[in-house]
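Each reported figure results from applying straightforward, stated rules to the coordinates on display, with no laboratory input. These numbers were taken from a predicted model, which means no experiment stands behind them. Here the Cβ positions follow ideal geometry from the backbone for every residue, glycine too, while neighbour counts run over all protein chains shown.
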Ligand SMILES: C[S@@+](CC[C@H](N)C(=O)[O-])C[C@H]1O[C@@H](n2cnc3c(N)ncnc32)[C@H](O)[C@@H]1O
C-alpha cells in the first residue's frame, strides 16, 4: 500500500520530520509530494493525503486520461514537473468546478482524486484523498469591508472543515481576540462572544450585537468566572506548549464543548507540542490553507446537555 502526502506550501521539511517521527522513513520526494510505503499516518503538515495510491503507465496522454476516467469522474492535477504533458492529460478529464466558497457552507462531498506525473511515462494517482479541496487549497468569496483583518479566513476554513459552526444563542469565548476578525465571524453567525485580549477590539466589532470584551490575560481567566461555553476559540500569540496547558485546564473544567485553536510556531516547529495536541482523543490537527507557520487544533465535544454546568 502506498500513501502520498502533499506538503502545505513551504512546509515540506515540517512534513518530512513529522513522517519520520511516525516511522515513515525514506519517503520518495516529488517536489512537495512525499510518497511512502504503508497505510496513512496522521500528518498535520499535509495539505492533502493521497490514500491507496496506484502507479499507472502513460503510453499516451489519451490513454492516461482514460485510465483515470475509468476509476472515477473528478480528478485534480498536481504537476510540479512535466507540466505540459500533465496539462494535456488534465485537458482530457471532466471539468471540476472550484468556485470560491461562500461562508457558511459545508465542504464538497463528491470524491476528488489527485494525480501527478512522476515521470513522463509514469503516473501516480489516488481516488481517495483527505481534503475535499483541490490540493487542499480553498478560496472564499472574501469580505473586504466587514472584518478588521484577514484572520477571519482561517476561522472560516476551520469551521468549513468541521462542517459545524456556532449558531444563534451559543456562547463563544474568543481568546486573543484583538483586533476582532474571529469575533466578527462569530458575531455574524449570531453567537454570543466573550472576546478576551489585553488589546481592544476594533470599534466596529466591539459594537456588534452579542459581543463583550474583557481586557484580561487569557491565561489568568478562571473557567468558573465564565460559566458553560459552547465553543472556545484561541488565536493567542503564544508558545504551543503554553496553549496546551490552557486547553487542558479548560477541558478538565468540563465547561467547554468544542475547541478551535491556532498553534503558532515562532522559529523552530515544536513537533512534540503538535503531537501532544494530536493525541487528545477526538482531536484533529491540520495545516489549513490560510495558516502560516501554524496549525489548527479542532475538537468537537459531547452534545448539548451532557456537560458539567450546562444551563437547563
Ligand atoms: C494573531 S492576534 C489575534 C487575531 C484575532 N484572532 C483576530 O481575528 O483579529 C494574537 C493576539 O493574541 C493576543 N495575546 C497575546 N497574549 C495574550 C494573553 N496572555 N491573553 C490574551 N490575549 C493575548 C495579542 O494581544 C494579539 O491580539
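General observations
- Global form of the stretch 127-172, assessed from the alpha-carbon gyration tensor, a/c cut-off 1.5: oblate
- Degrees, to the nearest 10: 240-253 long Cα axis against longest axis of the chain: 60 degrees
- In nm, spacing of pseudo-spin labels at residue 139 and residue 17 (7 Å Cα→C-beta vector): 3.2 nm
- FRET efficiency, 1/(1 + (r/R0)^6) with R0 30 Å, evaluated for residue 242 and residue 25 via beta carbons: 0.45
- Under the Debye formula (equal points on every Cα, no solvent term), log10 I(q)/I(0) of the stretch 84-159 at q = 0.17, 0.28 Å⁻¹: -0.79, -1.43
- Between residue 252 and residue 109, the contour length at 0.36 nm per residue exceeds the alpha carbon distance by 48.0 nm.
- Every Cα-Cα pair of the stretch 100-223 was included, and the share exceeding 21 Å stands at 50 percent.
- Packing-based exposure ordering (other Cβ within 10 Å, fewest first) of 109, 262, 2: 109, 2, 262
- Fluctuation leader among 100, 240, 281 - the chain, Gaussian network, Cα springs under 10 angstrom: 281
- Beta bridges per DSSP with both ends in the stretch 44-173, % antiparallel, nearest 5: 75 percent
- For the chain, built as a Gaussian network whose Cα springs stay under 10 Å, the top-fluctuating residue of 19, 124, 155: 124
- Among beta bridges that DSSP assigns inside the chain, antiparallel share in %, nearest 5: 60 percent
- Per-residue extension of 0.36 nm, minus the Cα-Cα distance of residue 9 and residue 55, leaves a gain of 14.2 nm for this segment.
- Sorted largest first, the spans of the alpha carbon positions of the chain along the three principal axes are 67, 39, 36 Å.
- Pairwise FRET efficiency - residue 73 versus residue 266, Cβ, R0 = 41 Å, nearest 0.05: 0.40
- Overall shape of the stretch 1-148 was characterised from the C-alpha gyration tensor. The equivalent ellipsoid obtained from it has semi-axes of 25, 22, 13 Å, in decreasing order.
- 0 to 90° range, to nearest 10: angle between helix 152-162 axis and the chain longest Cα axis: 70 degrees
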